[in-house]
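**Student:** This structure is in structure tokens; I'll ask about it shortly.
The values are calculated or read from the model by the stated rules, or taken from the named source; none is laboratory data. The structure presented is a predicted model; accordingly, all values stated were derived computationally and were not measured. Note that each Cβ is placed from the backbone with ideal geometry, even for glycine, and that neighbours are counted across all protein chains shown.
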């Protein structure tokens, strides 16, 4: 038996080495989320959904505020406000890092649910998502993510394939989108139109999510300043958001009061380019990031 | 719980450790551990259906004892009938209820009558066909007097639910597996290493061969209207390897896992694609099911003892029922029937037992005649698999009509290679389409070469005779592990036979 156990241990060790070797190839081309689970705990965070993930660039904000921002935003399917996202943020947060800055992007979708009973958290979509599967968010390589949530073949980590994105070390998801007029129309059709078609009338405001957002702000306040931002979206998307929640500002009044400030950029949507009607194109994302950073700086004075 | 999942990779060492290090003093406690582990293993999928296994277990346990105690033959027969009716009843309800309802409605509407029957939203309990047959074999054997009924309930319950083979076989006979639960199991180093090796090979078959072929198969069969005859034929070949890799891979993992616990399960696949005729194929494919039908259906029906007519009738019945066992769809029934009609000429000319030994036993290469027989049999099997894989009968006919058309002589459609990505090494000087095709062919050729050289063993890499030193063998195993890792992802694919 001893001989067998030794053999199994040696062989398992070699398998682990092979796994670590394969996993160590993973980078920003491998997966649009993975690198966010490989960095250390962070003191300054950008939180929200894919609009923030693609739109807000930490380096731009850092230049103005002198912070070291980390974009820990995902998608509306996986990181709407709720216990799953909140718990993951708690794991990612560096509680001993001094006074931090937290930018939380909010919109009607992230405080709603695609359920007839939007307050029944037991059936939320994110419960089966990767944020709930990945218990450790600060490991590099992170086998917990790769073994439980990674969609591709591990071989693809080594053999890089051309992707439509690159996930930077600071969590910013750079998207390589064409923005000539034809591409914009096509992208808009593929993303915005299909989003509206499949989601309009199916999302409902969730008191539960709003409550968790409030708790999240209170929690983060213990470690620094919390700023709320509503990012700009295209006119059509704004119309859809207003249709979902025409009284969004009223609903979040109490939440705003808990934060250090709220910036609504939706009215300035005409100044920016959205590569698919929903997400900011990187040059516009740079501008928006700068606007937010300068607004925070102003606010601090 | 899937064998190719992280959950199982954690579950197995825990159960192994408890089995050999904590509970190794008492066979009873070891059996209880196996029983509990088996229920956890099954409950991982859906705990509600554990009640079904438990009910079948309790029923057949008491029926087994009652059969022996019964004095009258009629009583014994009644008890056996009760076991068959209840077990087959569960199977019929969960697996075939909707099929019968839909078929009745279709049949009545064909004759201009409408029938108002409602089909139900029934979840098929994983492995029900397998454990039902396993427990049935017990009561039938007890009734026949070829097996003594057990009074050890834990051993019997462990036999019914033994986790390595619970959900997709091999379907073990009580006469082989049950006595192993009575005996003290000894840890034998050689067996355990052999088990590990077989698990490794099973994983390779599943993750690398089956799951890779599945990408092409799903694309081609799912969009068959857009593909020409040669592409569909190519897809059928991929399906032949997919189902072989998937199912025999499962069996290998099951047998290997059982061996780690000191159990010996029967071989379920014996290199069926090296068969020289369809009869040999059926002796080598899903052996535990074929022999089950032989012993509990074909022979009771009279086998081939009552003359040619009865032999033909019984053969057709067995193949059709075997097809129907696979699933509630007319495609499976026709698949069984086609196999029967391919088998019958051999039976009628008394050539069905011509090829008993594995091909070219004492040679490296087959003779030309053998090679031709292997290729012809394989192509025949590939064509028959189409019926098995098709969604409906009309889909199958559509696939056959495409293959037996001029489209068969065209080059495979290029869309296929653009829609899929199978890459390991980037051959930049070739177009991606050709790279993918080449790699897939290389993969299957290498796999078949390894299978060919290991065809005299229970599984292909059992002895690895071509690797003389430990260093080379370990290198070979690690290479297999590396390839498995490369083709794995965070979401393991289910085994095909789970749906049966």
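**Student:** Determine which member of the set A:96, A:3 is within 14 Å of chain B (Cβ to nearest Cβ) and surrounded by fewer than 16 Cβ atoms within 10 Å (Cβ to Cβ). Spell out the reasoning first.
**Tutor:** Working: A:96 fails: within 14 Å of chain B (Cβ to nearest Cβ).
Selected residue: A:3, the only one of A:96, A:3 that is within 14 Å of chain B (Cβ to nearest Cβ) and surrounded by fewer than 16 Cβ atoms within 10 Å (Cβ to Cβ).
**Student:** Counting just the residues of the range B:26-59 that are free of Cβ contacts under 8 Å to residues at least 24 places away in the same chain and under 23 Å from the mean Cα position of the chain (by Cα), which one comes out nearest to residue B:135 (Cα to Cα)?
**Tutor:** B:50
**Student:** Here is a further query. Mind checking whether some residue in the range A:66-87 is more than 29 Å from residue A:291 (Cβ to Cβ), surrounded by fewer than 19 Cβ atoms within 10 Å (Cβ to Cβ) and touching a residue at least 60 places away in the same chain (Cβ under 8 Å)? Walk me through how you get there before you give the answer.
**Tutor:** Pass one, the range A:66-87, residues more than 29 Å from residue A:291 (Cβ to Cβ): A:83-84, A:87.
After this cut, where a residue has to be surrounded by fewer than 19 Cβ atoms within 10 Å (Cβ to Cβ) as well, the list is A:83, A:87.
From the residues that got through so far, the ones that are touching a residue at least 60 places away in the same chain (Cβ under 8 Å) too are A:83.
Scanning the range A:66-87, I find at least one residue that is more than 29 Å from residue A:291 (Cβ to Cβ), surrounded by fewer than 19 Cβ atoms within 10 Å (Cβ to Cβ) and touching a residue at least 60 places away in the same chain (Cβ under 8 Å), so the answer is yes.
**Student:** Here's a follow-up. Could you go through the range A:42-54 and let me know if any residue there is surrounded by fewer than 24 Cβ atoms within 10 Å (Cβ to Cβ), more than 14 Å from every other protein chain (Cβ to nearest Cβ), touching a residue at least 40 places away in the same chain (Cβ under 8 Å) and assigned to a helix (DSSP H, G or I).
**Tutor:** yes
**Student:** Is it true that residue B:399 is in contact with a helix residue (DSSP H, G or I) (Cβ under 6 Å, 6 or more places away or on another chain), in a helix (DSSP H, G or I) and at pLDDT 60 or above? Even if it seems obvious, please write down each step before you answer.
**Tutor:** Working: in contact with a helix residue (DSSP H, G or I) (Cβ under 6 Å, 6 or more places away or on another chain): yes; in a helix (DSSP H, G or I): yes; at pLDDT 60 or above: yes.
It is true that residue B:399 is in contact with a helix residue (DSSP H, G or I) (Cβ under 6 Å, 6 or more places away or on another chain), in a helix (DSSP H, G or I) and at pLDDT 60 or above.
**Student:** Restricting to the range A:108-135, give me the number of residues that are within 14 Å of chain B (Cβ to nearest Cβ) and in a loop (DSSP other than H, G, I, E, B).
**Tutor:** Of the residues in that region, 3 qualify.
**Student:** Then there is this: Looking at (1) surrounded by fewer than 19 Cβ atoms within 10 Å (Cβ to Cβ); (2) modelled with pLDDT under 90, can you tell me which one residue B:412 breaks?
**Tutor:** Of (1) surrounded by fewer than 19 Cβ atoms within 10 Å (Cβ to Cβ); (2) modelled with pLDDT under 90, only one is false for residue B:412: (1).
**Student:** OK, next. Do we have residue A:251 as surrounded by fewer than 18 Cβ atoms within 10 Å (Cβ to Cβ), touching a helix residue (DSSP H, G or I) at 6+ places or on another chain (Cβ under 8 Å), at pLDDT 90 or above and farther than 25 Å from residue A:41 by Cβ here? Break it down stepwise before answering.
**Tutor:** Working: surrounded by fewer than 18 Cβ atoms within 10 Å (Cβ to Cβ): yes; touching a helix residue (DSSP H, G or I) at 6+ places or on another chain (Cβ under 8 Å): yes; at pLDDT 90 or above: yes; farther than 25 Å from residue A:41 by Cβ: yes.
Against the criterion (surrounded by fewer than 18 Cβ atoms within 10 Å (Cβ to Cβ), touching a helix residue (DSSP H, G or I) at 6+ places or on another chain (Cβ under 8 Å), at pLDDT 90 or above and farther than 25 Å from residue A:41 by Cβ), residue A:251 qualifies.
**Student:** For the range A:154-174, give me each residue that is at pLDDT below 85 and part of a loop (DSSP other than H, G, I, E, B).
**Tutor:** Residues satisfying the conditions are A:159, A:160, A:161, A:162, A:163, A:164.
**Student:** Still on this model: Go through the residues of the range B:458-465 one by one and say whether even a single one is farther than 23 Å from residue A:10 by Cα, part of a loop (DSSP other than H, G, I, E, B) and within 14 Å of chain A (Cβ to nearest Cβ).
**Tutor:** Residues of the range B:458-465 that are farther than 23 Å from residue A:10 by Cα, as a first pass: B:458-460.
Then drop every residue that is not part of a loop (DSSP other than H, G, I, E, B), which leaves B:458-460.
Still in the running and within 14 Å of chain A (Cβ to nearest Cβ): none.
Checked against the condition, which is being farther than 23 Å from residue A:10 by Cα, part of a loop (DSSP other than H, G, I, E, B) and within 14 Å of chain A (Cβ to nearest Cβ), the range B:458-465 yields no hits at all.
**Student:** Continuing with this model, one more query. Could you please let me know if residue B:321 is surrounded by 14 or more Cβ atoms within 10 Å (Cβ to Cβ) and in contact with a helix residue (DSSP H, G or I) (Cβ under 6 Å, 6 or more places away or on another chain)?
**Tutor:** On the way: surrounded by 14 or more Cβ atoms within 10 Å (Cβ to Cβ): yes; in contact with a helix residue (DSSP H, G or I) (Cβ under 6 Å, 6 or more places away or on another chain): no.
Criteria not met by residue B:321.
**Student:** Under 6 Å by Cβ, and 6 or more places apart or on different chains, what pairs join a residue from the range B:184-198 that is within 10 Å of chain A (Cβ to nearest Cβ) with one that is in a loop (DSSP other than H, G, I, E, B)?
**Tutor:** B:187/A:1
**Student:** Being more than 7 Å from chain B (Cβ to nearest Cβ), closer than 18 Å to residue A:148 by Cα and without any contact (Cβ under 8 Å) to a residue 24 or more places away in the chain is the filter; apply it to the range A:6-26 and report the residue that is farthest from the chain's Cα centre (by Cα).
**Tutor:** A:16
**Student:** Suppose we keep only residues that are loosely packed, with under 15 Cβ neighbours inside 10 Å and in a loop (DSSP other than H, G, I, E, B) within the range B:469-491. Which one would you say is farthest from the other protein chains (Cβ to nearest Cβ)?
**Tutor:** Looking at residues that are loosely packed, with under 15 Cβ neighbours inside 10 Å and in a loop (DSSP other than H, G, I, E, B), I get B:469.
**Student:** Let me ask another. For the range B:29-75, what are the residues that are part of a helix (DSSP H, G or I) and exposed (fewer than 13 other Cβ atoms within 10 Å of the Cβ)?
**Tutor:** So the first thing to find is which residues in the range B:29-75 are part of a helix (DSSP H, G or I), and the list is B:29-69, B:73-75.
Hits for the range B:29-75 are B:46, B:47, B:48, B:51, B:69, B:73, B:74.
Residues are listed down the side, and each one gets a yes or a no for (1) over 30 Å from residue B:4 (Cβ atoms); (2) outside any helix (DSSP H, G or I):
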site: B:262; (1), (2): no, yes
site: B:269; (1), (2): no, yes
site: B:283; (1), (2): no, no
site: B:294; (1), (2): yes, no
site: B:302; (1), (2): yes, yes
site: B:306; (1), (2): yes, yes
site: B:314; (1), (2): yes, no
site: B:318; (1), (2): yes, no
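**Student:** Which one is farthest from the other protein chains (Cβ to nearest Cβ) among residues in the range B:16-25 that are assigned to a helix (DSSP H, G or I) and either touching a residue at least 60 places away in the same chain (Cβ under 8 Å) or within 16 Å of residue B:186 (Cβ to Cβ) (or both)?
**Tutor:** Residues of the range B:16-25 that are assigned to a helix (DSSP H, G or I), as a first pass: B:16-22.
Those still in the list that are either touching a residue at least 60 places away in the same chain (Cβ under 8 Å) or within 16 Å of residue B:186 (Cβ to Cβ) (or both) too: B:16, B:19-21.
Details: B:16: 9, B:19: 11, B:20: 7, B:21: 8 Å.
Ranking the qualifying residues of the range B:16-25, first place goes to B:19.
**Student:** Every residue in the range A:100-126 that is modelled with pLDDT of 90 or more and over 24 Å from residue A:278 (Cβ atoms), please. Write out each step before concluding.
**Tutor:** Within the range A:100-126, the subset modelled with pLDDT of 90 or more is A:100-113.
Selection gives A:100, A:101.
Yes/no matrix, rows are residues, columns are (1) farther than 29 Å from residue B:361 by Cβ; (2) modelled with pLDDT of 95 or more; (3) crowded, with 21+ Cβ neighbours inside 10 Å:
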position: B:244; (1), (2), (3): no, yes, yes
position: B:299; (1), (2), (3): no, no, no
position: B:302; (1), (2), (3): yes, no, no
position: B:307; (1), (2), (3): yes, no, no
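**Student:** Examine the range A:153-165 for a residue that is touching a residue at least 24 places away in the same chain (Cβ under 8 Å), touching a strand residue (DSSP E or B) at 6+ places or on another chain (Cβ under 8 Å) and either away from chain B (no Cβ under 14 Å) or closer than 16 Å to residue A:37 by Cβ (or both), and state whether such a residue exists.
**Tutor:** Yes, the range A:153-165 has at least one match.
**Student:** Considering each of B:67, B:10, B:32 in turn, give the residue that is at pLDDT 95 or above and out of contact with any strand residue (DSSP E or B) (no Cβ under 6 Å at 6 or more places or on another chain).
**Tutor:** On the way: B:67 fails: at pLDDT 95 or above; B:10 fails: at pLDDT 95 or above.
From the options B:67, B:10, B:32, the qualifying one is B:32.
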